[in-house]
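The block underneath contains the structure these notes are about, expressed in structure tokens.
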Amino acid sequence: MCGIFGYVGKRTDAGVIAIEGLKNLEYRGYDSWGIACKNGSELHVKKDIGPIGEIDSQEFTAPCSLSIAHTRWATHGGVTQRNAHPHLSEDRNIAVVHNGIVENYLELRKDLKAKGHTFQSETDTEVIPHLIEEELKKTGDFAEAVRAACLHFEGRYAILALHTQSNMLVAARTGSPLIVGVEKGSGYFIASDIPAFMKHTRTVQYLDDGEMVATDGKSITFSDIKTGETRPKREIPITYHIEQAQKGDFEHFMLKEIMDQKDSVARAVNQDEGEIRTIAEAIRRAKGTFLVGCGTAAKACMAAEYFFSVVAEHHVNFAHASEFKLFHHFLKPESLVIVVSQSGETADVLEAIRVARDKGAKVLAIVNVEGSTIDREADYTLLINAGPERAVASTKALTGQLAVLLLIAYALAERLKEGKTLLLETAAAINDMLNPRFVERLETLAEKIHEEENLFIIGKGWNYPMALESAIKIQEVSYVHAEGFAAGELKHGPIALIEKGSPCIVLTGNDEVLLDILSNAQELKARGAMIIGIGPKRHDVFDEWIKAPEASTAQAIMNIIPIQVLAYFLAVKRGKNPDMPRNLAKSVTVK
Ligand code: G6P
């Protein structure tokens, strides 16, 4: 979702740095972009719709030490150049970029118009620089003006404001993430995510909700938005390497991250055994355990319902984070809410945490991004250690989440060692499976079916959420209409969609539901479907078979990987960029 970048300090290439920073935020998903650089006492502003692409950085080489930039994912106001950020104050001395929503912007706009302010865009954002300008007239102190303006805003947001006269950057957050990069003796970066400035520094400071930060490039002050009290802030080193956040020899992040699963699953499994046992004990004692997530992480939660049932005979409840508040009646101080999130920033998940907190329930987070808001807000965090995931379509984070959840289920069943051995064997088998022949086989299959308009995927047990996940993966990157179903539900509706030649993917395992799903596959075949089996064994009903090695209770982890590769090639064969699916964002920081 919207990406924010800013720099102030001794460097004189702040324009070029901002463009580079934006390119490193592209993965979050956006539809327009913009930049403002202070050249002399003037602001040079450029905005456009569509990809940043090969923008001519010559345009930004004029000496500049203060810049802000933005990638916009439209909420209020269409995708137009005018609506792109930064937005400026009436006197053009203040520029603002923003992530989130100012819910009361219509009211604020009306008041500002009455005071003579004019507006160029349809956005909620544009009221921010105008309101700061009004507040600045009162005190002449830019940081104080931003703080006073923030007290008028309703909703969850992150803003970054630049002021040409005081040469300052001021940022504030009440929801969406903001991170400061500290370049010792040189200056400060402020961005939505670390990759934006990682090339320049490996030291960060996180803004918490309700905090703001002001810097002139020489010093920095964190404070509370409401009270104005200053707050001490720790400097934290970044633990991963820049290469991990880059594509390397791969054409797309998505394929790179699929391939990363050769070792990311093993990293997820290598958790401290004492910690896993403590978590299992907390689940055993909890009066109600809830698994909550969005998108792909939600599919991991759904699969975990089966893991906990089959492996540990323990009941847990799943809810999409966006639906969770409707179940608040069942939360007690003794309940446990397990939130699963790659980014650790998803707005609906953060809201679910608030719902849990209101009822006094404890929160365990299973996240990938260390230092993310969810990591910091939870009572307890388990990191899946997948390394940076930049493609919008989540791949290695999912298998890491599944591995950790299955490990916990084994610990709950007091069979932790057995679970760990199984998962490490699975990780080794994934390493073997992701060989060039396997990838080529899926590319050939993609070539065969890439012009199909519809694709159906069925699964049973933990393969059912994987069928749902398969559908998302295929839809989001290739735009093929894909749908996942619980195999047994076919005859209650979906089978009406099957025509001669309809490709249907059947996810299988060597498990107690194998015969059921094979007979569902027969029902599809009898209506003309082309059956593509994925699983450890070839069965007669399959027209095509992609082998996913035998993995017992970890079969869901194994089966989803060929689908990820297939989705990738379906996108490429259809001429789509799998790293930048239309309308989607990597980190969904608005509700
Ligand atoms: C977005 C992403 C998905 C992701 C979902 C949840 O929709 O495009 O890939 O699964 O958000 O994100 P989270 O970071 O909470 O796992």
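The values are calculated or read from the model by the stated rules, or taken from the named source; none is laboratory data. Predicted model only: the values in this text are computed from it and were never measured. Glycine gets a Cβ as well: all are built from the backbone with ideal geometry, and neighbour counts include every protein chain shown. Remember, those area values only see protein heavy atoms, side chains included, never the ligands or the DNA or RNA. Shrake-Rupley method; radii C 1.70, N 1.55, O 1.52, S 1.80 Å.
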- Item | Among residues of region 226-252, those that are open to solvent by less than 30 Å² (accessible area, probe 1.4 Å) and under 20 Å from S372 (Cβ atoms), counted | 2
- Message: Step by step: first the residues of region 22-40, then only those that are under 18 Å from the mean Cα position of the chain (by Cα) and of a type outside the set (A, V, I, L, M), then the one that is surrounded by the most Cβ atoms within 10 Å (Cβ to Cβ). Which residue is that?
- Response: R28
- Message: Quick check on my filter: what residues within region 320-343 are small (G, A, S) and over 22 Å from V369 (Cβ atoms)?
- Response: S335
- Query: Inside region 330-354, can you point out the residues that are in contact with a strand residue (DSSP E or B) (Cβ under 8 Å, 6 or more places away or on another chain) and more than 9 Å from the ligand (Cβ to nearest atom)?
  - Reply: F330, L331, S335, L336, V337, I338, A352, I353
- Among the residues of region 219-235, how many are out of contact with any Phe, Trp or Tyr (no Cβ under 8 Å at 6 or more places or on another chain) and either free of Cβ contacts under 8 Å to residues at least 40 places away in the same chain or within 12 Å of C150 (Cβ to Cβ) (or both)? 10
- Item | Yes/no for E550 being in the same structural domain as T444 (by TED's automatic domain parsing), in a helix (DSSP H, G or I) and open to solvent by 10 Å² or more (accessible area, probe 1.4 Å) | no
- Item | Filter result (among the aromatic types (F, W, Y) and farther than 24 Å from I236 by Cβ) within region 152-190 | F153
- Message: Where the second residue is open to solvent by 70 Å² or more (accessible area, probe 1.4 Å) and the first is touching a residue at least 24 places away in the same chain (Cβ under 8 Å) and lies in region 239-254, which pairs have Cβ atoms under 7 Å and are six or more apart or on separate chains?
- Response: T239/E370; I242/K199; F253/K247
- Of the residues that make up region 311-325, is at least one open to solvent by less than 40 Å² (accessible area, probe 1.4 Å), among the aromatic types (F, W, Y) and within 23 Å of Y464 (Cα to Cα)? yes
- Query: Do we have any residue at all in region 378-401 that's assigned to a strand (DSSP E or B) and open to solvent by less than 20 Å² (accessible area, probe 1.4 Å)?
  - Reply: yes
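Which of the residues spanning region 328-364 are more than 24 Å from L406 (Cβ to Cβ) and not in a loop (DSSP other than H, G, I, E, B)?
Across region 328-364, the qualifying residues are H328, H329, F330, A347, D348, L350, E351, R354, V355, R357, D358.
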- Message: Kindly evaluate V367 against the criterion of being open to solvent by less than 20 Å² (accessible area, probe 1.4 Å), away from the ligand (no atom under 12 Å from the Cβ) and not assigned by TED's automatic domain parsing to the domain that holds S192.
- Response: no
- Item | Residue in region 491-504 that is closer than 26 Å to A300 by Cβ, modelled with pLDDT of 95 or more and assigned by TED's automatic domain parsing to the domain that holds N559 present | yes
- Task: Given the conditions (1) within 16 Å of the ligand (Cβ to nearest atom); (2) part of a helix (DSSP H, G or I); (3) within 30 Å of L178 (Cβ to Cβ), report the number of the one that K325 does not fulfil.
- Result: (1)
- Query: Counting only residues that are assigned to a helix (DSSP H, G or I) and more than 12 Å from L382 (Cβ to Cβ), which one in region 275-291 is least open to solvent (accessible area, probe 1.4 Å)?
  - Reply: I283
- In region 562-587, how many are farther than 14 Å from E476 by Cβ and within 16 Å of the ligand (Cβ to nearest atom)? 1
- Task: Out of the residues in region 41-52 that are in contact with a strand residue (DSSP E or B) (Cβ under 9 Å, 6 or more places away or on another chain) and not in a strand (DSSP E or B), state the one that is least open to solvent (accessible area, probe 1.4 Å).
- Result: I52
